[in-house]
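Scroll down for the structure; my scribbles are underneath it.
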Amino acid sequence: MNGTRGRGQGRAGGRGVPALLASALLCTALSAAAGSDDAGKARYQFILNCAGCHQADGSGARSGGVPTLRGQMGHFLKTPEGRAFLVQVPGTSNSALSNADIARMLNWMAAAFSAATLPPDFQPYTEAEVSALRANKLTDVSGARRAIVARLVAEGIRIE
Ligand code: HEC
């Protein structure tokens, strides 16, 4: 009797360990894939929510007053005000996207459209940072942009 119960417990234990191992392996596989999944999701959300104005390649529409994000988004990330502006600009902050979605999307956009201008010490946006910045609405969007552009120009950085 005891022996039978013992074997039963042994088998249960034996099944448990491979199951745990299998789920650990699955987790590892999922997190290894997370990098590309993140980029795919960010790109998809950008196309759906932003590309109508900004174009799929981020080049914008000069005639419609939509600035290009290509080759200059990274410059904004060189000042705290510019970094905040990319979140607080109405197209970003008034979108239906969650703070986590916006953080993921801005990090993807910065790399996809403006990798060469990213500051070397660039720290990716986090959900908490986006949440705090988004709670703070810009009252004068074009004034805020002008001030950031003037500061960058004074540092020798040209922004369209
Ligand atoms: C209806 C058109 C429109 C949509 C949709 C839109 N934007 Fe914009 N975006 C603009 C315009 C116009 C500007 C210039 C600043 C301003 O006037 O708001 C801008 C500026 C920006 C900027 C700052 C770049 C700069 O040089 O000033 C970022 C970053 C940005 N948008 C991100 C986004 C993201 C992310 C989305 C989607 C979630 C989005 N926008 C959706 C029109 C749009």
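Numbers at a glance
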{"item": "Output for region 66-92, where each listed residue is more than 21 Å from Lys137 (Cα to Cα) and either surrounded by fewer than 17 Cβ atoms within 10 Å (Cβ to Cβ) or of a type in the set (Gly, Ala, Ser) (or both)", "result": "Gly71, Gly74"}
{"item": "Near pairs, Cβ below 7 angstrom, 6+ apart or cross-chain, from region 105-119 (farther than 11 Å from Gln72 by Cβ and in a helix (DSSP H, G or I)) to any residue that is within 12 Å of the ligand (Cβ to nearest atom) and hydroxyl-bearing (Ser, Thr, Tyr)", "result": "Leu106/Tyr125; Asn107/Tyr125"}
{"item": "Any hit, region 40-59, residues being at pLDDT below 95 and in a helix (DSSP H, G or I)", "result": "yes"}
{"item": "Leu106 vs. criteria surrounded by 16 or more Cβ atoms within 10 Å (Cβ to Cβ), within 11 Å of the ligand (Cβ to nearest atom), at pLDDT 95 or above and under 16 Å from Lys41 (Cα atoms)", "result": "yes"}
{"item": "Hits in region 60-95 - residues which are part of a loop (DSSP other than H, G, I, E, B), out of contact with any strand residue (DSSP E or B) (no Cβ under 8 Å at 6 or more places or on another chain) and more than 7 Å from the ligand (Cβ to nearest atom)", "result": "Thr68, Arg70, Gly71, Leu77, Lys78, Thr79, Asn94"}
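To keep it simple, each residue is scored yes or no on (1) touching a helix residue (DSSP H, G or I) at 6+ places or on another chain (Cβ under 9 Å); (2) more than 12 Å from the ligand (Cβ to nearest atom); (3) charged (D, E, K, R); (4) under 23 Å from Asp37 (Cα atoms).
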{"residue": "Ala51", "(1), (2), (3), (4)": "no, no, no, yes"}
{"residue": "Leu97", "(1), (2), (3), (4)": "yes, no, no, yes"}
{"residue": "Pro120", "(1), (2), (3), (4)": "no, yes, no, no"}
{"residue": "Ile157", "(1), (2), (3), (4)": "yes, yes, no, no"}
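The values are calculated or read from the model by the stated rules, or taken from the named source; none is laboratory data. The structure presented is a predicted model; accordingly, all values stated were derived computationally and were not measured. Glycine gets a Cβ as well: all are built from the backbone with ideal geometry, and neighbour counts include every protein chain shown.
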